[in-house]
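Read through the structure below, which is laid out as structure tokens, and then see the notes.
Laboratory data are not the source of any read-out in this text; all were calculated from the coordinates shown. Predicted model only: the values in this text are computed from it and were never measured. In this analysis, Cβ positions are derived from the backbone assuming ideal geometry, glycine residues included, and neighbour counts consider all displayed protein chains.
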């Protein structure tokens, strides 16, 4: 018995010496651990660790085991170049690290083995102290067949396989996937391995974390699977899922699912009476980089808190969508939105991202409809700097810093002359942007203009002149058609036409006419009482007399400026003055006229009295001969009489 105990003691010492020599021959390297955590809502730190990736150190040891030792610490071991030839030695080595050992992390890189060798390695790891097992780069995996794997008595928590290449063309899918589906661990990661399917566990699974990134999984995954009752995180990014509805039913039996990442797939949802049923526990969903349109809002988890719909084909958020009362974060960046969505469907929204859409003029009432929003990311949109955008710019000033990325990310795209201008530097006047104010201002200016024109028209008696011009034109037109023989020339028949007020007629009949017609020489005067032609209008008679007279004599007095007909006669005579460029007006001031009694429409009379010399009737009788001599000289002209003689000639 003593010799037997001595031999056992020597054997134990030999093993210890071997182990110490092994650990001292290698160099320590820095370990980089990659963790994936799933935090509970109560804030407790319950983490699922994916297998640590341990990077190659410049000091490598091949020892005598045909593999490359990349890293070795008390808790971590990383080996490379594992083949069928050295698997037996690896299994033997791992058998020394039973449960309770300090070695917890194992990484195998560049593994070139067949199925049996891989399973033997897994089985050895399963019954060791290792908790996190990572296999990176499995090549030439072949001869896959059924294996009765022993999952009992393990310390394993997480397994990671990356870049697994299967060379078998014909094998049973169940033999391959059953080994991984029934693993009694918390976390399983299989990425970049062209995996087309995964079986539902045969019994209630302890999986809390599944990561199948960058594979070839389809809508058939986990359909009608009710064994993943503890699963909290499911990552299916970059696969080949197509139906959002089928994905929702896949999750419906995952009672503990909180986070689902199914981004970068081929997902779509037509919404045509297609039902969706999500896990009620799901609070975070990533649907970015798919082919989803507006109908996606008809197929969303009701208790979702964080939703990522970035890089899809969404043009608007339907108003009739089901209310997402718990939604706090919504990412709609890189879609086709034309305006900011309202919050009628998610009143608890706190963060919204609508960057890189097609928003030209964002709604200014966004924060009114979304009172709970604390941060809005709306930059990098093709903003059209116009009046409508002014309200949004004012909104930024009132929001208190809620616009993320302001002002650098908010730049004018249209019009071209403002392209590149930051919104904070874009300004328009209130009058240019307020349509009501602009209309009121234009209306007031129009009214003022109309009032000024009306005042000037009344003050200058424009309607009267228009009426007189019209009558003049009509008279000339009738004369043109009635007497075509008189179109060429008009023969003078009178020396002067006398225009006076009826109240001054006594002076005209008793003084003016007798002294001119019965004095020396032959003077023919045109007076309305004896020379107007019956049947013609008064205006036509006035025009005819003025045109057939060499001069027009106006007897001015306060009575003259009160007479309407005197005004007509003065207007037509003045018209002849300019149209024929003749000096045909003679003004006789019978009585002084105070300027204040001259009506405004007599501005021509005022101008004539200011510019032209007029004859003033003298009150002294001794001056009368000189007055008549001057007047007679002003109208002196030889006129052809009806008998063929010239008026003024002697026999």
- Message: Test of understanding: ordering 304, 533 by Cβ neighbours within 10 Å, fewest first, what list do you get?
- Response: 533, 304
- Query: By average Cβ neighbour count within 10 Å, what is the ranking of 417-427, 244-254 from highest down?
  - Reply: 244-254, 417-427
- How high is the relative contact order of segment 133-187, in percent, counting Cα pairs under 8 Å that sit 6 or more residues apart? 49 percent
- The FRET efficiency for residue 416 and residue 447, from their Cβ-Cβ distance with R0 = 35 Å and rounded to 0.05, is 0.35
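Would you mind calculating the gained length between residue 336 and residue 375 on full extension (0.36 nm times residue separation, minus the Cα-Cα distance), in nm to one decimal?
12.0 nm
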- Go through 373-382, 398-407 and give me the packing order, highest mean Cβ count within 10 Å leading. 373-382, 398-407
- What full-extension length gain, to one decimal in nm, is calculated for residue 384 and residue 435 as 0.36 nm per residue of separation minus the Cα-Cα distance? 16.5 nm
- Message: At a 10 Å Cβ-Cβ cut-off, how would you order 363, 152, fewest neighbours first?
- Response: 152, 363
- Note on the structure: For segment 179-237, averaging the sequence separation of alpha carbon pairs under 8 Å that lie six or more residues apart and dividing by its residue count, the contact order in percent is 38 percent
- Message: How far apart, in nanometres, would the label points at residue 522 and residue 96 be if each is projected 7 angstrom from Cα along the Cα-to-Cβ direction?
- Response: 16.2 nm
- Message: Can you give me the distance in nm between label points at residue 116 and residue 458, each placed 7 Å from the Cα along the Cα-to-Cβ direction?
- Response: 12.0 nm
- Estimate the FRET efficiency between residue 216 and residue 358 by the formula 1/(1 + (r/R0)^6), using the beta-carbon distance for r and 30 Å for R0, to the nearest 0.05. 0.35
- Message: Using Cβ contacts closer than 10 Å as the measure, can you line up 387, 545 from fewest to most?
- Response: 387, 545
- Mean separation of Cα contacts under 8 Å (6+ apart) over length of segment 254-311, as relative contact order %: 40 percent
- Query: Can you give the extra length, in nm with one decimal, that the chain gains between residue 273 and residue 548 once fully stretched, where that is 0.36 nm per residue apart less the Cα-Cα distance?
  - Reply: 89.1 nm
- Note on the structure: Given a Förster distance of 25 Å, the FRET efficiency implied by the Cβ-Cβ spacing of residue 530 and residue 621, rounded to the nearest 0.05, works out to 0.35
